[in-house]
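The values are calculated or read from the model by the stated rules, or taken from the named source; none is laboratory data. Note that this is a predicted model, so its numbers are computed, not measured. Cβ: placed from backbone, ideal geometry, glycine included. Neighbour counts: every protein chain shown. Please note that ligands, DNA and RNA were not included when accessible areas were found on the heavy atoms of the full protein model with its side chains. Shrake-Rupley method; radii C 1.70, N 1.55, O 1.52, S 1.80 Å.
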Amino acid sequence: MKDGRTEELGKSEQFKNLPQGFGIEWTSRRAFQIDGYRFNLPTSWGHFDINVPAEKNYADNVFFFGKSISIMQNYFALFREYTPKNVVELGIFRGGSVAFLQLVAKPERLLALDISPDRQEFLDRFILHEGLAENVRAEYGVDQADSEKVFSLTREFIGEGRCLDFVVDDASHLLSPT
């Protein structure tokens, strides 16, 4: 039988080298929580079928976060030095990174765009539940290569004359549209 101290050392060893701070509570090496929302990291991209309906991969308050631990560490390093007020994310997928960015960086405005016309209900519920309709906006059916549309939506939501502080391009993964 392990005593509480041994269990605590084992737990801290399990989460060693994982990004810390910003309210993150690791529950395993591939899952963490922030403010009651759970985020699952991919074990591999082959393990996550992007073609199945979202309901097969999610539940309320659970998001898929398709980023590596090293990308999370880069985000945390950036957010420790700098708090972005106006963020645009290209590529919503299932909404996990949008929820993550809002919970961690807490920007004043976060505009997320995706080429798919399919709304992500779990992201919509997060925005509604957290009262973020004025702060977070998800636009679907927007091609990142349509610079005029991207610029127009950005200017409209972020605000005329306001600077963008942070842009996440996790959309097409192709050079030309990017």
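List of remarks:
- Spin-label model distance (nm) - Asp35 vs Glu156, 7 Å beyond Cα toward Cβ: 2.6 nm
- Per residue, the solvent-accessible area of segment 113-171 (1.4 Å probe, heavy atoms of protein chains only, all protein chains present) comes to 60 Å².
- Think of each Lys and Arg Cβ as +1 and each Asp and Glu Cβ as -1; about the Cα centre, that makes the dipole of segment 74-147 roughly 320 debye.
- For segment 59-162: rounded, prolate or oblate by the Cα gyration tensor [a/c cutoff 1.5]: rounded
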